[in-house]
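Asks: Shown below is the structure under consideration.
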Amino acid sequence: MAEGSNTVHSPLVTYASMLSLLTLCPPFVIFLWYTMVHADGSVSQTMAYLYHNGLRGLIDIWPPPSATAFKLIGSYAAFEAALQLLLPGKTVYGPISPTGNQPVYKANGVAAYVVTLVTYIALWWFGIFNPTVVYDHLGEIFSALIIGSFIFCIVLYIKGCVAPSSSDSGSSGNIIIDFYWGMELYPRIGKHFDIKVFTNCRFGMMSWAVLAVTYCIKQYEKNGTIADSMLVNTALMLAYVTKFFWWEAGYWNTMDIAHDRAGFYICWGCLVWVPSVYTSPGMYLVNHPVNLGTQLAVYILVAGMLCIYINYDCDRQRQEFRRKNGKCLVWGKAPSKIVASYTTTSGETKTSLLLTSGWWGLARHFHYVPEILAAFFWTVPALFNHFLPYFYVIFLTILLVDRAKRDDDRCRSKYGKYWKLYCEKVPYRIIPGIC
């Protein structure tokens, strides 16, 4: 049975959320782009236009995908796929799945990240390719991604039905759930090309950095200068994405890769939602430069960098604890831990160590707090003239709160009495002393 069918919400809420995301997310991406680029960032202005023009208005603002858009996407995707396959990297093993499979990865994310940004900036610097072309065709690119990624998810569903890559696959018996949550945990093309690494990391997260640089260059070419607000936004987003690729092997142990299957929820989200929504504060700042002043800009930059570092250190602390089997220091002393046993689907008994000190003694998902705050700090350079730049912060908060609940429910089911003991030692889910 597909993991997604074991939902943490009632069936009615589950179906409602799936159908709403399947139908509402694509037009929202266009709504977001149009409002940021053509409606001065004003939701009320776009809503008034749609109210007076109805469905015709939505059709009018929705740019059709163009040949240029497909060429840009195809070139970028081919380049990233080639880097994923060809760049050297050390062999890394993912967690053992419930059916006993252990995925093998090549950790070359940092190299791919550096090569991508250096190549992109060099193409602009030497006059070979102007990144403003990407911004000028952004609506067409998002339209092409919406359609192309939907087709990609259909192909993934069919692949999971007829040619799964491993035994970590199967149907829930419901086609909507299977399409939304996915059929396979670790889909691959051949032996070495991992599809989720490509969609989540090399296409999705890499596009975040590429578009952050694009928005910065667009503002420079448009105004002849880059506002300090854009510099702070770009620096923080690039720092976050750099942190991600530095820690990419750790990401392969998270819920996104090790537990959520490759369906619309993950793959369409990474292929479309990440490049459109996650980058939206920078998209807004292109046409709305804000002069923060040196002092305020430095305060925001330092606060954002601190949050990104804490988020990284949380993940590093747990990763080191697991790698050294608990034989390490956490905040200068021996870690507090729980030895939890669990049974795999094949009936084999295994053990895991649950860290209950350091960052992980503050709350079970404390690392989400600095992540949300970091998103706020790379958005706040836009100030508060419009609501829409803060949509990503709000979305991220909802996403991570829901993910914390899903992760808790999964661990409760996996570890049983040991998870109950863990929750007694670490009673707060996300915010220490509150919830």
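Asks: At a probe size of 1.4 Å, how large is the accessible area of residue 414, to the nearest 10 Å²?
Replies: Near enough 70 Å² of accessible area.
Asks: Then there's this: When the accessible area of segment 303-434 is split by element with a 1.4 Å probe, what percent falls to carbon and sulfur?
Replies: Here it works out to 60 percent.
Asks: Related question: Relative contact order for segment 336-418 using alpha-carbon pairs under 8 Å, separation at least 6, rounded to a whole percent?
Replies: Relative contact order here is 29 percent.
Asks: Further question: Mind putting together the pair-distance distribution for segment 81-223? All Cα pairs, 5 Å bins, whole percent per bin, short to long.
Replies: 2, 8, 14, 17, 16, 15, 11, 8, 5, 2, 1, 0
Asks: With each run of n ≥ 4 DSSP H residues scored as -39500 (n - 2.57), what mean residue ellipticity at 222 nm is computed for the chain after dividing by its residue count and rounding to the nearest 500 deg cm²/dmol?
Replies: The helix contribution divided over the chain gives -19000 deg cm²/dmol.
Asks: Considering only protein heavy atoms and a 1.4 Å probe, what is the carbon-and-sulfur percentage of the accessible area of segment 54-198?
Replies: 72 percent
Asks: Could I ask something else about it? Students sometimes get this wrong: rank 231, 400 by accessible area, probe 1.4 Å, all chains present, largest first.
Replies: Sorted by accessible area, descending: 231, 400.
Asks: I would also like to ask the following. Ignoring solvent entirely, what values of log10 I(q)/I(0) come out of the Debye formula for segment 20-69 at 0.15, 0.18, 0.24 Å⁻¹ when each Cα is a single scatterer?
Replies: -0.41, -0.59, -0.96
Asks: Based on C-alpha coordinates, I'd like the Rg and Dmax of the chain, in Å.
Replies: My reading of the Cα-based Rg and Dmax gives 22.0, 65 Å.
Asks: Straight-line reach from residue 159: which lysines fall under 19 Å, measuring Cα to Cα and dropping same-chain residues less than 8 apart?
Replies: Result set, ordered by chain and number: 191, 196.
Asks: Another question, then. Would you kindly state how much longer the chain becomes between residue 329 and residue 82 on full extension, computed as 0.36 nm times their sequence separation minus their alpha carbon distance, in nm to one decimal?
Replies: Going from the current span to full extension adds 85.0 nm.
Asks: Also: Determine the order of 364, 412, 323 by accessible area, beginning with the largest, at a probe radius of 1.4 Å.
Replies: Greatest to least solvent exposure: 323, 412, 364.
Asks: Treating cross-link reach as a plain straight distance, find the lysines whose alpha-carbon is under 25 Å from the alpha-carbon of residue 218, omitting any fewer than eight places away in the same chain.
Replies: 71, 243
Asks: Using the per-residue mean of other Cβ atoms lying within 10 Å as a proxy for protection, in what order, highest first, do the peptides 173-181, 383-391 fall?
Replies: Ranking, from highest mean packing down: 173-181, 383-391.
Asks: Continuing with the same structure: Please enumerate, by chain and number, the aspartates and glutamates with C-alpha under 13 Å from the C-alpha of residue 106, excluding those fewer than 8 residues away in the same chain.
Replies: Cα-Cα hits under 13 Å: 194, 248.
Asks: Kindly sort 161, 328 by accessible area of their heavy atoms, largest first, with the probe set to 1.4 Å.
Replies: Final ranking, largest accessible area leading: 161, 328.
Asks: For segment 303-434, report the convex hull volume of the alpha-carbon atoms normalised per residue, in Å³, without decimals.
Replies: 121 Å³
Asks: Calculate the length of the line joining the C-alpha centroid of segment 114-159 to that of segment 342-376, in whole Å.
Replies: What the calculation gives is 34 Å, centre to centre.
Asks: Another question, if that's okay. If I take R0 = 22 Å and measure r between the Cβ atoms of residue 387 and residue 58 in this structure, what FRET efficiency does the formula 1/(1 + (r/R0)^6) give, to the nearest 0.05?
Replies: 0.60
Asks: Separate question: Could you please state, rounded to a whole Å, how far the C-alpha centre of segment 381-435 is from the C-alpha centre of segment 246-285?
Replies: 17 Å
Asks: Would you mind putting 252-260, 264-272 in packing order, based on average other-beta-carbon counts within 10 Å, highest first?
Replies: Highest-to-lowest ranking by the protection proxy: 264-272, 252-260.
The values are calculated or read from the model by the stated rules, or taken from the named source; none is laboratory data. Everything quoted here is computed from the prediction, not taken from an experiment. Using ideal geometry, Cβ is built from the backbone for each residue, glycine included, and neighbour counts are taken over all protein chains shown. Surface areas here come from the heavy atoms of the whole protein model, side chains and all, with no ligands, DNA or RNA. Shrake-Rupley method; radii C 1.70, N 1.55, O 1.52, S 1.80 Å.
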